[in-house]
Amino acid sequence: MKLHRINDVETLCNVSTVQNKVYLHQETVLNNIAKNLMQPLPQDCAELFSQLTEQVKTAPPDSANEAVYQAGVLLFLAGYGEAAYQTFLKLLSGELRLSKASSLIRQLESSILPSLCYGLGIPYPATPNQEALNLQELTDLIFQNERQNRSMLLLDRFSVADLNLPPAIAKFVPPPPPIKAKFTDEYIQQMLGRSEQLHQGEISLFMQDAFRKLQVLSKNNQFTEALKLVDIYEQVCQVWQVETKDWISETVKIIAIDLCFRNGEENQAKEYLLNWWITSSRDTLSINTLVGLCSATRAFLAGVLRAVMNISPMQVDEFLDSLNNRTYIPHKSFIPSVLDWQIFMEAWNEKLFAGKLAENIESYSDWFSEAVSQKKCGKQGASVAEILELEHRLGKTLPPSYKNFLLYSNGWVILNEYCTLLGTKDVDWFYTLNQEWVDVWHGIERDEVDDETYFLYGRHQDPCHIRTRYMKTALQISTDEDGYVYLLNPMVIDEQGEWEAWDFGNKIAGAYRYRTFWDMMQAVYKRSFRDDK
């Protein structure tokens, strides 16, 4: 079934309701940004670290500081604590200083830098949103963070009571199923015996029950019983060849690490920590959770992961040298030619039909039969006359990167999911095509965004920081599907005539903004195919 845009006006009655929706979503949005900033890390990080070093040498500041942040995290995890501290200091001042609006600074302030300073035994320096802390103040903060991290680990996500939902919402949430498994020897042997009488649903139920039982034992400080249950959980996963990168298994691994440290079994804890690195997805959320546990921080800084991460001291020295002697030369925005668009979009087309569409080809065939049958999303390029006619109708000169795209292909049938880039006859002002949608957003009072906050590009921008008045003058260049649309903003134009580009959506409560249409398309491509091999 085709996904149509859900214009929130249909379901939300007034501006204040939309406003509440925006603020309720903001924390979730920031968590999603964090996930996107650092994709799951490879087990061997040597190649990635070298790539980050090269990015630091050549990238503009708002891209280089992303690389610096990620390199700092890798240095921390690999046990190069002093080098990590030097790296993070670069993000607090100078050319690579992070804006107070950057989601990276929030990640740095909330977990990474406090834990690093605590592990190194040094005071916490002043950051944009946090005053400097002496060692005692830092220790108090670290213990508070650890308690919060542990509470989140032991939160029963199946229980309304634990989730502390408002009564008006909680009454619609069904109660969690009771923990049926008694974990008797007979029951455990049945699970470990790979009995043909058991089906996948029973295995999943056992894993869920074991996870919830583990949380109860951990809350009650029953360390020995809890660790026995961790062993049983792992054995069942191994016997039934269960993938252990789901959120339950990831949480079990981290709980096991914490339990061993708390129970004084440091060597076992380090073995679990090493196993976590080898077998988990190594995502941002897991890393931040572990860094928020004091004993895990000390193990990282002691080098428990250094060998498996494979970042050498020579690489560290090269990175710090590049960071301290960076001589970036600003350059003008790249304007892609028609040939550049052809090469890029043909690669997009090939990946689309090889991966994204292959699994759901029948669904796409219903709506884009010609494109699917021909395996071609591009169209015949627009003529110069057609582009001039569009510019005359709009009363604006279009940005050169977008004009060259239209010369290559006058629209694009399937960009990602069901979104289509419009051709010259259908492109129009956002307000003309979606007045009601624009009016709702324009009523949200958040246009007082200063330049430092607004002109923050890159993946660590907060999409909530937009100037809603720009929507009335934005150009809609795509269909609007499921509350998302692509826009060009003529109110922000660079010296080469390039317009700012918006990847705008209700569900992200704002827009990811890019300097140019080309930059936006590059980002959409990477996001669309990041999971493809």
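Quick note: the coordinates plus some simple rules give every number you see, no bench work behind them. A quick note: this is a predicted structure, and the numbers were derived from the prediction, not measured. Every residue, glycine as well, gets a Cβ built from its backbone with ideal geometry; the counts of neighbours run over all protein chains shown.
Data overview
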| item | result |
| --- | --- |
| FRET efficiency, Glu386 to Ser365 (Cβ-Cβ, R0 22 Å, nearest 0.05) | 0.15 |
| FRET efficiency, Ser110 to Arg157 (Cβ-Cβ, R0 25 Å, nearest 0.05) | 0.75 |
| Those GluC sites (Glu not before Pro) in the range 234-270 that DSSP places in a loop and that have at most 14 other beta carbons within 10 Å | Glu243 |
| Across Lys270/Lys526; Lys332/Lys396; Lys57/Lys526; Lys57/Lys332; Lys375/Lys526; Lys379/Lys472, pairs whose alpha-carbon gap is larger than 24 Å | Lys270/Lys526; Lys379/Lys472 |
| Cut-off 15 Å (backbone N to label point 7 Å along Cα→Cβ of Ser312), residues of the range 43-71 | 45-51 |
| For the range 39-62 versus the range 246-325, the gap between their alpha-carbon centres in whole angstrom | 19 |
| Inter-label distance, nm, simple model (7 Å from Cα along the C-beta direction), Lys425/Lys351 | 3.1 |
| In nm, spacing of pseudo-spin labels at Thr58 and Leu135 (7 Å Cα→C-beta vector) | 4.5 |
| Label point distance in nm, Asn416-Met491, each placed 7 Å from Cα along Cα→Cβ | 2.5 |
| Extension gain from Ser373 to His331, taking 0.36 nm per residue of separation minus the Cα-Cα distance | 10.9 nm |
| Whole-angstrom gap from the range 74-95 to the range 451-471, using each part's C-alpha centre | 27 |
| Phi to ³J(HN,Hα) by Karplus 6.51 cos²θ - 1.76 cosθ + 1.60 over the range 211-224, Hz, x for Gly, Pro | 4, 5, 5, 4, 4, 5, 4, 5, 4, 8, 6, 8, 4, 4 |
| Gain in span if fully extended, Ile278 to Ala302, counting 0.36 nm per residue against the direct Cα distance | 6.9 nm |
| Under the Karplus curve 6.51 cos²θ - 1.76 cosθ + 1.60, θ = phi - 60°, whole-Hz ³J(HN,Hα) for the range 455-461, x wherever Gly or Pro sits | 8, 9, 9, x, 6, 9, 6 |
| Contour excess over end-to-end distance, with Cα ends at Thr432 and Lys472 and 0.36 nm allotted per residue | 13.5 nm |
| Ordering of 81-93, 383-395 by burial proxy (mean other Cβ atoms within 10 Å per residue, highest first) | 81-93, 383-395 |
| Net charge, Tyr233 excluded, C-beta distance under 11 Å - Lys, Arg +1, Asp, Glu -1 | 0 |
| Cleavage-rule hits (GluC sites (Glu not before Pro)) in the range 394-464: DSSP loop, at most 10 neighbouring Cβ within 10 angstrom | Glu445, Glu448 |
| For Trp429, distant residues with modelled amide H under 5 Å away | Gln476 |
